[in-house]
Amino acid sequence: MCTVIIRVPEAAGSSVQLLAVRDEDPARPWNPLGRWWPDQSGVVGVRDARAGGAWLAADPHTRRLAVLLNRADVSARPESELISRGGIVLDAVAGRAPQEAPATHGFNLVEVTPSGARVMSWDGATLQTTELSPGTHMLAHEDVDDPRTPRIARWLGDFRDAAPREGASWWQPWIDVLGRSAELPSRDDRAIIRDNRPHGYPTLSLLVCVAEVSATGIDVRYGELGEPGEWNSLELT
């Protein structure tokens, strides 16, 4: 039940900006932002240490960034036929899109390039693509800007009102909204910094990444929460 905020600029040539909150089982090991894939030596990302794939990855050479969110699916395929979703992120930054029927559980894949962004969604039956229009969008485990998702219904307007700054620490207005959202209990359906265990998932919010993608390059920053599911002042480096 991760959360992504993304701003697609009105003006051509301006950067695409993204904030992503990762929810995962704290007992599932991961590697922080770094270069973990020798066969894609330029790629930087957050690695799932168990399966070897990425939650978020960026390739400064191709100026592509991707991040993956879990999504409920209707597939009846047995687990023995399914593969990890983390490879999809590495394929995406290499320019390889998911095929018609991915052999994975459901997902929302956010793909960012200097020219814009799109979301590819797989529910176990249908793979569809949503091109993101200029403006600020929010995504979790359902559709883009989906009012059925309580955190989107509550906080999308606040993120739209909090225009990123120019220059260094452009992300601070969004971090401020994230901090205000954490005044809600982490088990509240409207919370972004989350404890998903009451919903039957062993996942809590663990870390935050921000990224800026433009024709001149990619800048990605990373910060971990001091305690899973609990807000603290983040140092994004």
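The values are calculated or read from the model by the stated rules, or taken from the named source; none is laboratory data. Since we're looking at a predicted model, the values are computed, not measured. Positions of Cβ are backbone-derived with ideal geometry, glycine not excepted, and every protein chain shown enters the neighbour counts.
Residues in segment 32-62 that are surrounded by 13 or more Cβ atoms within 10 Å (Cβ to Cβ) and either in a strand (DSSP E or B) or hydrophobic (A, V, I, L, M, F, W, C) (or both): 17 in all.
Being in contact with a helix residue (DSSP H, G or I) (Cβ under 6 Å, 6 or more places away or on another chain) and either free of Cβ contacts under 8 Å to residues at least 24 places away in the same chain or farther than 22 Å from Asp195 by Cα (or both) is a description that does not apply to Gly45. Leu68 satisfies every condition listed in (1) surrounded by 15 or more Cβ atoms within 10 Å (Cβ to Cβ); (2) more than 20 Å from Leu19 (Cα to Cα) except (2).
Of all residues in segment 69-88, those that are in a loop (DSSP other than H, G, I, E, B) and of a type in the set (Asp, Glu) total 1.
Each row is one residue, and each column tells you yes or no for (1) outside any loop (DSSP other than H, G, I, E, B); (2) buried (at least 21 other Cβ atoms within 10 Å of the Cβ); (3) more than 18 Å from the chain's Cα centre (by Cα); (4) free of Cβ contacts under 8 Å to residues at least 12 places away in the same chain.
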residue	(1), (2), (3), (4)
Ala125	no, no, yes, no
Ser133	no, no, no, no
Asp146	no, no, no, yes
Arg154	yes, no, yes, no
Asp158	yes, no, yes, no
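Put simply, of Ser80, Ser121, Ser75 the only residue that is over 19 Å from Leu18 (Cβ atoms) and either surrounded by 16 or more Cβ atoms within 10 Å (Cβ to Cβ) or modelled with pLDDT of 95 or more (or both) is Ser75. Under the condition of being of a type in the set (A, V, I, L, M) and touching a strand residue (DSSP E or B) at 6+ places or on another chain (Cβ under 7 Å), the residues counted in segment 176-224 number 11.
Each residue in segment 93-110 was checked for being in contact with a Lys or Arg (Cβ under 7 Å, 6 or more places away or on another chain) and within 14 Å of Leu56 (Cα to Cα), and 3 pass. Put simply, of Ser205, Ser233 the only residue that is hydroxyl-bearing (Ser, Thr, Tyr) and surrounded by fewer than 16 Cβ atoms within 10 Å (Cβ to Cβ) is Ser233. Annotation note: of His137, His141, the sole residue that is within 17 Å of the chain's Cα centre (by Cα), at pLDDT 95 or above and closer than 15 Å to Asp23 by Cα is His141.
Of the numbered criteria (1) over 30 Å from Asp73 (Cβ atoms); (2) surrounded by 17 or more Cβ atoms within 10 Å (Cβ to Cβ); (3) not basic (Lys, Arg), the one Leu139 fails is (1). Looking at Pro185, is it touching a residue at least 60 places away in the same chain (Cβ under 8 Å) and within 18 Å of Arg22 (Cα to Cα)? Answer is no for this residue.
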